[in-house]
RNA sequence: GUCCCCAUCGUCUAGCCUGGUCUAGGACAAGAGCUUUUCAAGCUCUCGACACCGGUUCAAAUCCGGUUGGGGACGCCA
């Protein structure tokens, strides 16, 4: 039975690198009908926070990585002490007294050559003579990372340890512990790291790292997952958009790259746009409603879902992130809109009050108020005025929406409604005169 | 400083294992154009890489060695 685990430490949020490690573990388990376990490495009592545990769990769920089991290292201290005693009895460890008189258990590192056969990197050889003796149990009684990690991986019957490259140098230390405690060795696969655009490791200062940030920026979990899986892995047939079910079928840990990858947010944007375009408008509507509530654009208990659905459809093909909708469609919800100064300068420098007035009247004369009729009426008017359609379309859009970007003008007018359209235009005329 | 990992367009990568089919393919970004009612989408085109040196070989992006560059680890953090 294939058993893999993701072992985050709740001393911070789940970040991009951790999410990808979790993804590859999860993919490997699913592709081999194995199990994906979660182990919260909260042995550092002072730095571990309950909020982070919650946050990590929520992020993993949001990404869709369900786990088969979860355990907490802070509840297993007795087990680690027991195995430390075993190491002591077996002559592999010794006790060291600190100045305060407290005792720590230290592992004796025997100089030797240790070879690992990494699933991604191939053979790696270490000389343990350059490794110092390792603390197993600190003088406060808590276990160190390398020790609790080995005990748990062995006891949890982890068959494949898939983790970041940064753990390569821990591996020989851990192998020594496996041998001393008589545990069978698992397979190892060390994933390349994700680097920041500026070079170096990802960190708070170098680009957004927390998964929750991407969530609140309006990225779809499946888009983020698709992006993450392409960082260091490729199905090999020039495909970029790969759903999770397909990824499970195609994934092979041996095809994972050895070289570190740099985050390219532009590509994430593109992938997100691809998913957004093909997403069911109804589900996007559900996703967008809480955002609108938060912005106070709509009332939580009283809003017209069908209306929002039609607006979502209007913007859907042009969204990069979900939040774009909130930003771009604001004029449908706001009473008073602010006109972008640049847009004003570009399209409203000339006095168009006469044209606006004629258009307001024309709207009254339409026998129907639908998109086709509005457009027909408008085209008639510009013909009479003998001006280009564009010359009036853009200024009207700016007055109605405050922006130069947005859906087609006639759709905008239709969904804004006759009254609001006329009101915004006449209000603008009045304001400009004074 | 010591040890370890890595190296194909600006970025993600295919190809490398099993040398010839590679004047190195795709995607993102960038640039140009088409379409057009702005933006986005879509379509077409352009720009653009085997880090360097040496070796093996009839033949090297592919195999070997070194150099350089990048990254990581050396905690009673995880």
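May I ask you to give the average projected area over all directions of the convex hull of the Cα atoms of chain A, in nm² rounded to one decimal? Provide the component values of the computation, followed by the final result.
Numbers: hull surface 113.9 nm².
Its average projected convex-hull area is 28.5 nm².
At a 10 Å Cβ-Cβ cut-off, how would you order A:161, A:248, fewest neighbours first? Mind dumping the intermediate values first?
Values: A:161 23, A:248 15.
Ascending number of Cβ neighbours within 10 Å: A:248, A:161.
Antiparallel as a % of all DSSP beta bridges within chain A, to the nearest 5? Can you show the working numbers first?
Values: 18 of 33 bridges.
For chain A, the DSSP antiparallel bridge percentage is about 55.
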(message) Can you give me the distance in nm between label points at residue A:82 and residue A:299, each placed 7 Å from the Cα along the Cα-to-Cβ direction?
(response) 6.1 nm
(message) Between helix A:281-294 and chain A, what is the angle of the helix's C-alpha long axis to the longest principal axis, kept within 0 to 90° and rounded to the nearest 10?
(response) 90 degrees
(request) In Å and from the alpha-carbon atoms only, list the Rg and Dmax of region A:147-193. (result) 10.2, 31
(message) Order A:341-350, A:305-314 from most to least packed using the mean count of other Cβ atoms within 10 Å.
(response) A:305-314, A:341-350
(request) Give me the angle, in degrees from 0 to 90, between the Cα long axis of helix A:145-155 and the longest principal axis of the Cα atoms of chain A, rounded to the nearest 10. (result) 80 degrees
(request) Can you tell me the 0 to 90 degree angle between the C-alpha axis of helix A:371-385 and the longest principal axis of chain A, rounded to 10? (result) 50 degrees
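So what's the projected area for region A:137-267, the Cα convex hull averaged over all directions, in nm²? Before the final figure, lay out the partial values.
Working: hull surface 43.4 nm².
Taking the Cα atoms of region A:137-267, their convex hull projects to 10.8 nm² on average.
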(request) Starting from one equal scatterer on each C-alpha and no solvent at all, send me the Debye-based log10 I(q)/I(0) for region A:279-332 at q = 0.18, 0.24, 0.27, 0.28 Å⁻¹, two decimals. (result) -0.49, -0.92, -1.19, -1.29
(request) For region A:248-371, list log₁₀ I(q)/I(0) at each q in 0.20 Å⁻¹, using the Debye formula over Cα point scatterers of equal strength and ignoring solvent, two decimals each. (result) -1.19
(request) Of all alpha-carbon pairs in region A:76-191, indicate the percentage at a distance above 20 angstrom. (result) 41 percent
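Please compute, over every Cα-Cα pair in region A:11-121, the percentage with a separation greater than 16 angstrom. Please report the intermediate quantities before stating the final value.
On the way: 4445 of 6105 pairs.
Percent of Cα pairs beyond 16 Å in region A:11-121: 73.
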(message) As an exercise, find the ratio Rg/Rh for region A:341-433 from alpha-carbon atoms, using the Kirkwood inverse-distance average for Rh.
(response) 0.92
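Every read-out reported here was derived from the displayed coordinates using simple, explicitly stated rules and does not represent laboratory data. Treat the numbers as computed from the prediction; the structure is a model and nothing was measured. Cβ coordinates were reconstructed from backbone atoms using ideal geometry, including for glycine residues, and neighbour counts include every protein chain displayed.
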